[in-house]
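Structure first, commentary second.
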Amino acid sequence: MTPERPRLAIIINCYNYENYVRHSIESVVSQDTTHCDVIVIDDGSTDRSWDEIEKFGLRSFRKENGGQVSACRYGVSKTDAPFVLFLDADDELIPGAIQKIILHLDEGVAKLQFPLLRIDSTGSVVGPAFPKLADARDRGLFVDAIEKAGTYITPPTSGNVFRRDLCTLLDDAHYDSAVDGIMLLAAPFYGDVVSLSEPLGRYRLHNRNKSGSNRVPAPTLLRRHQKRFVDRLSHLRTILIEKDGKCNIGDSTKMYMYARYRNYIDIIEFRRITWRSAIVTATSFPSWYNPIKRLSVVVFLLACLVLPLSTIRSLLEARLTRTWRPVVSNIRTLGMARSG
């Protein structure tokens with residue numbers, strides 16, 4: 001009898017995560033993996049990551065360091081499963097996640113997404129699950145969001161499952177160091193996106209995260225993110241024109257994310273944002289921004305136009321780190337200076 005083809009490949013990609021990779025692997029193999037390929041790719045780690053990986057006796061491969069995209073593409077070449085979950089070696093799956101994921105997969109699904117619980121370096125939960133998702137299956141809403149805003153609400157890499165054909169798009173994503181970027185954007189144009197409201201993974205916050213680490217980014221990093229935003233949409237336009245002969249994606253430089261990056265760069269480099277930039281930002285909100293969110297951004301923009309640059313910088317730090325102590329201190333100092 002021919003063995004049943006695995007429905008899901010879980011590819012754990014690792015680079016110098018000796019302190020975390022064991023927990024990531026354990027979170028997978030402790031579950032029912034009957035219908036899974038579990039593959040671990042060590043991307044040329046220079047610490048003891050490979051020693052930790054070998055202890056499990058799984059299908060594991062060690063390659064020369066080439067970055068996350070290279071490691072994940074290598075992992076895809078080692079399986080024929082129709083769906084792929086790229087699990088970062090510092091993240092984990094919640095018990096029972098695999099079976100719940102598989103239950104929602106069929107040939108019409110291009111991507112499945114689920115929230116992640118925030119954990120710290122010790123594995124303790126430190127925040128609510130993100131992003132907030134409702135149980136749904138759709139594609140039109142996501143297509144509309146991408147065409148108008150260039151993005152949509154989606155979790156980091158470990159909270160996504162992709163249909164295998166999307167992985168071929170990575171071959172031309174040379175501009176991107178993140179594996180999921182172009183696949184996230186292309187998925188709704190290839191099939192349905194299934195959203196689950198239940199958290200099925202854990203996202204570890206530590207000082208080496210590429211995203212979500214709640215620290216103020218350097219201007220150089222923000223410029224890279226801004227350029228990557230433009231490059232991803234440019235790549236998607238090419239894909240869609242080749243696929244369907246048409247593309248309705250708007251000008252990426254007039255979208256909210258582009259304007260937000262520009263504002264953040266100006267603030268961090270102690271430049272006042274312009275009225276034009278503020279207007280572009282306030283008139284290009286993504287459709288999913290609720291009235292409270294929109295109002296908070298407008299208030300922030302107005303503050304940026306009138307308050308001292310040092311106070312504006314403190315406000316931005318508070319927004320990004322969720323710590324308001326620097327703002328209070330700055331306002332007190334400003335008040336004392338004026339009263340004196």
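Here is how the numbers come out for the structure above:
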{"item": "Rounded Å value of the spacing that divides the Cα centres of the stretch 233-279 and the stretch 112-132", "result": "28"}
{"item": "Span-like helix ranges in the chain, DSSP H, alpha carbon extent 20 angstrom or more, Kyte mean at least 1.0", "result": "291-306"}
{"item": "Dipole in debye (nearest 20) - the chain, about Cα centre, beta carbon charges: Lys, Arg +1; Asp, Glu -1", "result": "1840"}
{"item": "Part-to-part distance (alpha-carbon centres) for the stretch 133-189 and the stretch 47-111, which is given in Å", "result": "17"}
{"item": "Within a Gaussian network of the chain (alpha carbon springs, distance under 10 Å), most fluctuating of Ile292, Ile119, Ile94", "result": "Ile292"}
{"item": "Probe 1.4 Å, protein heavy atoms only - accessible area per residue of the chain in square angstrom", "result": "48"}
{"item": "Residue list for the stretch 57-93, given a label point 7 angstrom along the Cα-to-Cβ vector of Arg164 and an amide N cut-off under 16 Å", "result": "73-86"}
{"item": "Theoretical gain in end-to-end length, Ser177 to Thr283 [0.36 nm per residue, Cα-Cα removed]", "result": "35.1 nm"}
{"item": "The stretch 92-201 shape via C-alpha gyration tensor axes, a/c threshold 1.5", "result": "prolate"}
{"item": "Accessible area, probe 1.4 Å, largest first, for residues Ile102, Ile241", "result": "Ile241, Ile102"}
{"item": "Accessible area of Thr122 in the full protein assembly, 1.4 Å probe (Å², nearest 10)", "result": "110"}
{"item": "Top of Thr220, Thr33, Thr253 by mean-square fluctuation, Gaussian network on the chain, Cα under 10 Å", "result": "Thr220"}
{"item": "Low-density loop cleavage sites - chymotrypsin sites (Phe, Trp or Tyr not before Pro) in the stretch 271-312, where at most 16 other Cβ are within 10 Å (DSSP)", "result": "Trp288, Tyr289"}
{"item": "For the stretch 30-45, 3J(HN,Hα) per residue [Karplus equation, 6.51 cos²θ - 1.76 cosθ + 1.60, θ = phi - 60°, Hz, x = Gly/Pro]", "result": "6, 9, 6, 10, 3, 9, 10, 9, 10, 10, 10, 10, 9, 8, x, 4"}
{"item": "Residue-averaged 222 nm ellipticity for the chain, from DSSP H runs of 4+ at -39500 (n - 2.57), nearest 500", "result": "-13000 deg cm²/dmol"}
{"item": "³J(HN,Hα) computed for each position of the stretch 161-166 - Karplus, 6.51 cos²θ - 1.76 cosθ + 1.60, integer Hz, glycine/proline x", "result": "10, 10, 5, 4, 4, 5"}
{"item": "Solvent accessible area, Å² - Ser45, 1.4 Å probe, full protein context", "result": "10"}
{"item": "Inter-probe distance in nm under a simple model that places probes 7 Å from Cα toward Cβ, at Lys148 and Thr34", "result": "4.5"}
{"item": "Inter-probe distance in nm under a simple model that places probes 7 Å from Cα toward Cβ, at Glu64 and His206", "result": "2.8"}
{"item": "Taking the chain and dividing mean pair separation by its residue count, relative contact order in percent (alpha carbons under 8 Å, at least six apart)", "result": "15"}
{"item": "Matching label, semi-axes √(5λ) of the Cα gyration tensor in Å computed from the structure shown, candidates (1) 28, 25, 21; (2) 48, 19, 16; (3) 37, 25, 18", "result": "(3)"}
{"item": "Cut-off 12 Å between beta-carbons: net charge of the residues surrounding Thr220, Lys and Arg +1, Asp and Glu -1", "result": "+2"}
{"item": "Hypothetical label at Ala136: residues of the stretch 173-194 whose amide nitrogen lies under 18 Å (7 Å Cα-Cβ projection)", "result": "184-194"}
{"item": "Cα gyration tensor shape for the stretch 6-126, rounded if a/c is under 1.5, else prolate or oblate", "result": "oblate"}
{"item": "Carbon/sulfur fraction of accessible area - the stretch 134-271, other protein chains in place, 1.4 Å, %", "result": "51"}
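The values are calculated or read from the model by the stated rules, or taken from the named source; none is laboratory data. This is a predicted model, so every value here is computed, not measured. Here Cβ is always computed from backbone atoms with ideal geometry, including for glycine, and neighbour counts include all displayed protein chains. SASA here: full protein model, heavy atoms, side chains in, ligands and nucleic acids out. Shrake-Rupley method; radii C 1.70, N 1.55, O 1.52, S 1.80 Å.
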